[in-house]
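First the structure, in the form of structure tokens, and then the observations on it.
The values are calculated or read from the model by the stated rules, or taken from the named source; none is laboratory data. Keep in mind that what you see is a predicted model, and the values were worked out from it rather than measured. When we count neighbours, we look across all protein chains shown, and the Cβ atoms used for this are built from the backbone with ideal geometry, even at glycine. SASA here: full protein model, heavy atoms, side chains in, ligands and nucleic acids out. Shrake-Rupley method; radii C 1.70, N 1.55, O 1.52, S 1.80 Å.
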Amino acid sequence: MSRKQAELKLDEQQKPKEEWGNGLEFLFSCISLSVGLGNIWRFPYIAFQNGGGTFVIPYLIALLVIGRPVYYLEISLGQFRGGGVLRAFDLAPLLKGVAAGQVLATGASITYYSSIMALTLRFLLASFSAELPWSSCRPSWGSDCHDGSSANASGKMSPAQLYFEREILHELPNLDDGVGVPNWQLVACLAVAWLIIGAVLIRGIKSSGKAAYFLGVFPYVVLVVLLLRAVTLPGAWSGIVYFFKPQWQELLNPLVWYAAVTQVFFSLAICFGTVITYASYNNFHRNVYNDIVIITTMDSCSSIIAGCITFGILGNLAKQTGITDIGSVVKGGTGLAFISYPEAIAKFEYVPQMFAVLFFLMLFVLGIGSTVGMGSCILRVIRDQFGKRAGPSWALAGALVALGFGVSIVYVTPGGQFIVNLIDFYGVSFTALILAIGELLAVAWFYGARRFCADIKFMMGIETGWYWRLCWAYITPGLMAAVLLYTLLNMEELTYKGVPYPRIANVFGYILAALGLLQLPGWAFYAYYKQRKNGSTFWERLCAASRPAESWAPATAQLPQQQ
């Protein structure tokens, strides 16, 4: 067999069985993956926790020097390799633990994202009522409620906040007595959410690609409608000003930068393996440069729009309650979106039920886009590792659904939001930052930025500019390392709405973080051990384990056609 025939055979063996139908399917799938719950649900409450405008500036800076460069790197890496995230890290076996850690973080993310979908579905069903149940005070809430009609509402809560915390969550004040018993209504909604996720995963990439046209466009229509309503509420502009006006002294707070960097990960879905997985189904020679600009721009715009809606509503609540400090209007927390958005919808003069249905349907659709991407990443890694031994797609997706549903039940207990916050910090955000630094080191230093740029030229026929090279090799990992160092030096005890966690919860969080981070030394030792025949000294084996594995190869051996 000639070398060319061998290369073509390799090409056929590594080519994924599924591919996007066309470039637009890939573009809209990436938009539905990136513009998801991380923007509409997570961004507003993270911005609120970190001072509004104080957070927006670091977020935009992080988007430019971390978000875009890493997104370009991951799409290029996935498209070049044509495999899941573990296979992509064949370029630096010594750091393959980065990929394994990212898969674990993705597994943690999909469990609590599904619980957010369950809350969304619960609100969606309630939206079909003759009167929105969070539009007015209930007698059972007593004197804790204000509906805007009282002249003195200081210290009271809105109907939307009380409905969410007392009627939907039945939220506990702390975890001293455990998390409580799961709410059967939320468990049923959770089951429906996982069944839909499983159904999309079983049908595969081509099915989700067709759905992406709707998943990527519909949310923007609803967001624009909500934005127009939010900015016309009395007092809204004071909230929007708070969202954009920074407290300059707080920009030196490393925890704000930590929140901004990790939010970029969630907004763009980078450093979790999902972008690499989606790119692996792409046409090998597709020029993705314009796609990256479009996706990252739309992502940041959707986050800013969501922030304007949320803070506009908070400004309105501040005016109603007589509170001058926007940051004190509500306690915040992971459920902020389920307070602020329903509050705005309830103030619609005409058919608020219709807008409520549209909004929560949009949020549910966003959840599908996010969770399907995560599930695809996990399933692709399993197929890459075990091939046909992994079983048929329906069985693999069914197993993921069953396991994910079982784990997610803890989030729909009265103490579930405490657990969401705990898992989000220890199991996802904290480990994602460390693993992201490892990803940049693997590509730009172990494999080499120059070699990676040569791969991009071979694949797409374009030169890589100095901006990308400098970010991959120096600026992006340097900024992330600085943020990580300052965060570790200034880390405080984790709280939820100002309530500390019991010691056992923090211990569980440390174990969860360790589980993800121990993948680094574990896989490094395995890579080193495999090189025992390739060197007699420690240094020789270490160097051998740092070089690309024998299995590392492009998804195709054919040069791009000349234009």
Problem set entry | Leading residue by the ranking (surrounded by the fewest Cβ atoms within 10 Å (Cβ to Cβ)) among those in segment 64-94 that are in a helix (DSSP H, G or I) and more than 22 Å from the chain's Cα centre (by Cα) | Asp90
Problem set entry | Qualifying residue in segment 518-525 (condition: touching a helix residue (DSSP H, G or I) at 6+ places or on another chain (Cβ under 9 Å), in a helix (DSSP H, G or I) and under 30 Å from Tyr289 (Cα atoms)) | no
Exercise. For segment 463-485, how many residues are among the aliphatic types (A, V, I, L, M) and under 15 Å from Arg450 (Cβ atoms)?
Worked result: 2
Problem set entry | Selection from segment 194-222 of residues that are aromatic (Phe, Trp, Tyr) and either modelled with pLDDT under 80 or open to solvent by less than 10 Å² (accessible area, probe 1.4 Å) (or both) | Trp194, Tyr213, Phe214
For this session: Any residue in segment 263-292 that's under 26 Å from Val428 (Cβ atoms): show its pairings with residues that are of a type in the set (Asp, Glu) and outside any helix (DSSP H, G or I) at Cβ separation under 6 Å, as long as the two are six or more apart or on different chains.
Result: Tyr281/Glu18; Tyr281/Glu19
For this session: State whether the residues of segment 251-259 include one that is of a type outside the set (Asp, Glu) and assigned to a loop (DSSP other than H, G, I, E, B).
Result: yes
For this session: Look at segment 518-548 and say how many of its residues are under 28 Å from Ala105 (Cβ atoms) and buried (at least 18 other Cβ atoms within 10 Å of the Cβ).
Result: 9
Exercise. If we scan segment 119-128, do we find a residue that is closer than 23 Å to Tyr474 by Cα, among the polar types (S, T, N, Q) and out of contact with any Cys (no Cβ under 6 Å at 6 or more places or on another chain)?
Worked result: no
Exercise. Looking at segment 154-242, what helices (runs of 4 or more DSSP H) fall wholly within it and have at least 3 residues that are of a type in the set (Gly, Ala, Ser)?
Worked result: 184-203, 205-230
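Conditions tested, residue by residue: (1) touching an Asp or Glu at 6+ places or on another chain (Cβ under 9 Å); (2) hydroxyl-bearing (Ser, Thr, Tyr); (3) open to solvent by less than 10 Å² (accessible area, probe 1.4 Å); (4) over 21 Å from Ser109 (Cβ atoms).
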| position | (1), (2), (3), (4) |
| --- | --- |
| Ala432 | no, no, yes, no |
| Ala449 | no, no, no, yes |
| Phe452 | no, no, yes, yes |
| Gly478 | no, no, no, yes |
| Tyr486 | no, yes, no, yes |
| Met491 | no, no, no, yes |
| Tyr501 | yes, yes, no, no |
| Phe508 | no, no, no, no |
Seminar exercise, completed: For segment 24-44, the count of residues that are surrounded by fewer than 22 Cβ atoms within 10 Å (Cβ to Cβ) and either within 14 Å of the chain's Cα centre (by Cα) or outside any helix (DSSP H, G or I) (or both) equals 0
For this session: Scan the helices (runs of 4 or more DSSP H) fully inside segment 393-486 and keep the ones with 2 or more residues being on the phi < 0 side of the Ramachandran plot and aliphatic (A, V, I, L, M).
Result: 393-408, 416-422, 430-441, 449-460
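Yes or no, residue by residue, for (1) hydrophobic (A, V, I, L, M, F, W, C); (2) out of contact with any Leu (no Cβ under 8 Å at 6 or more places or on another chain):
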| residue | (1), (2) |
| --- | --- |
| Ala99 | yes, no |
| Gly107 | no, yes |
| Ile110 | yes, yes |
| Thr120 | no, no |
| Cys137 | yes, no |
| Ser140 | no, yes |
| His146 | no, yes |
Exercise. What are the residues in segment 538-563 that are modelled with pLDDT of 85 or more, over 33 Å from the mean Cα position of the chain (by Cα) and either outside any helix (DSSP H, G or I) or of a type in the set (Gly, Ala, Ser) (or both), if any?
Worked result: Ala544
Exercise. Based on what the data block shows, is Thr464 over 24 Å from Ile46 (Cα atoms) and in contact with a helix residue (DSSP H, G or I) (Cβ under 7 Å, 6 or more places away or on another chain)?
Worked result: yes
Exercise. Would you pick out the residues in segment 344-379 that are open to solvent by 10 Å² or more (accessible area, probe 1.4 Å) and not aliphatic (A, V, I, L, M)?
Worked result: Lys347, Phe348, Glu349, Tyr350, Pro352, Gln353, Phe355, Phe364, Ser376
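To keep it simple, each residue is scored yes or no on (1) in contact (Cβ under 8 Å) with a residue 60 or more places away in the chain; (2) over 23 Å from Ala88 (Cα atoms).
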| position | (1), (2) |
| --- | --- |
| Asp455 | yes, no |
| Gly461 | yes, no |
| Arg469 | no, no |
| Ala473 | no, no |
| Thr476 | yes, no |
| Leu479 | yes, yes |
| Asn490 | yes, yes |
| Glu493 | no, yes |
Seminar exercise, completed: Among the residues of segment 487-514, the number that are aliphatic (A, V, I, L, M) and outside any helix (DSSP H, G or I) is 3
For this session: Please go through segment 302-320 and pick out each residue that is crowded, with 24+ Cβ neighbours inside 10 Å and either among the aliphatic types (A, V, I, L, M) or over 29 Å from Cys30 (Cβ atoms) (or both).
Result: Ala306, Ile309, Ile313, Leu314, Gly315, Asn316, Leu317
For this session: Identify, by number, the condition in (1) aromatic (Phe, Trp, Tyr); (2) under 30 Å from Ala126 (Cβ atoms); (3) more than 21 Å from the chain's Cα centre (by Cα) that Tyr447 doesn't meet.
Result: (2)
